[in-house]
Amino acid sequence: MREIVCRDYCELEYDVKKVFAAVSDVDAYEFWWPEDVKIKVICSNENISGSKVEIRSSGGRFKCEIVSFVADKEVMVNYYGGVLRGSAVWLIDKTGEDSCRLHYNLDLVPHGFIPELLSNFIDFSAIHSRTMTVMFSGLKKYLDALRNDDR
């Protein structure tokens, strides 16, 4: 069985507060995640921690929970209840007055006979990183739309 490890990032021309608001708000995910990734909000907490989503993608179904956060800096995520188990973290590094670098660091293991078997032949890390490229693009478009709404 091969682990799924990704270290993806993008540069954003947005204040860290706006980026943090987007990655920590599970209700907003449907607006910037890839269309082929189906999201069902299980629980959305105003406090952020404890917010949960169920995700369906071509790789299967799993759940994610925001387990902790540091405002404007990081959001810790636990993957459970499906074909993936492990953790991930959104990290936000301020790079300028209104710019930052957003990282998504992921450490997962496939769960279940078929996902474990397939992980020996399919590079799930590469697939996830390609999905993150689409996700980062969607996030930029989402933040652009919010910026335009502020005018």
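Could you list the chymotrypsin sites (Phe, Trp or Tyr not before Pro) in region 109-142 that lie in coil according to DSSP, counting only those with at most 13 other Cβ atoms within 10 Å of their Cβ?
Listed in order of number, the matching sites are PHE121.
Apply the Karplus parameterisation 6.51 cos²θ - 1.76 cosθ + 1.60, with θ equal to phi minus 60°, to every residue of region 97-114 and state each ³J(HN,Hα) to the nearest whole Hz, in sequence, with x for glycine and proline.
Couplings: 4, 10, 8, 7, 10, 9, 10, 10, 9, 10, 9, 10, 10, x, 10, x, 4, 5 Hz.
Taking the Cβ of LYS63 as the centre, find all other residues whose Cβ is under 13 Å away and add up their charges (Lys, Arg: +1; Asp, Glu: -1).
Residues close to LYS63 contribute a combined charge of +4.
Restricting to lysine pairs 8 or more places apart or on different chains, what number in the chain have Cα atoms under 15 Å apart?
Lysine pairs meeting the criterion: 13.
Can you grab the distance from the C-alpha centre of region 1-76 to the C-alpha centre of region 115-131, Å, no decimals?
Computed from Cα coordinates, the inter-centre distance equals 20 Å.
For region 4-146, what is the relative contact order in percent, using Cα pairs closer than 8 Å and at least 6 residues apart in sequence?
Worked out over region 4-146, it gives 29 percent.
Work out, step by step, the length gained on full extension between ARG2 and GLU46: first 0.36 nm times the residue separation, then minus their alpha carbon distance; give nm to one decimal.
That pair, ARG2 and GLU46, stretches by 12.2 nm at full extension.
Using +1 at the C-beta of Lys and Arg and -1 at the C-beta of Asp and Glu, which of VAL16, VAL5, PHE31 has the Cα lying farthest in the positive direction of the dipole of the chain?
The residue sitting most towards the positive pole is VAL5.
Relative contact order for region 44-104: what is it in percent, counting Cα pairs under 8 Å that are at least 6 residues apart?
Normalised by residue count, the contact order of region 44-104 is 21 percent.
Projecting each Cα onto the charge dipole of region 4-146 (Lys/Arg +1, Asp/Glu -1 at the beta carbon, about the Cα centre), which of ILE114, SER125, GLY96 comes out farthest on the positive side?
Positive-most Cα among the choices belongs to ILE114.
Each value in this text was obtained by applying a stated rule to the coordinates, not by laboratory testing. Note that the structure is a prediction, hence the values are computed from the model and not measured. FYI the Cβ positions are ideal-geometry reconstructions off the backbone, even for glycines, and counts take in every protein chain you see.
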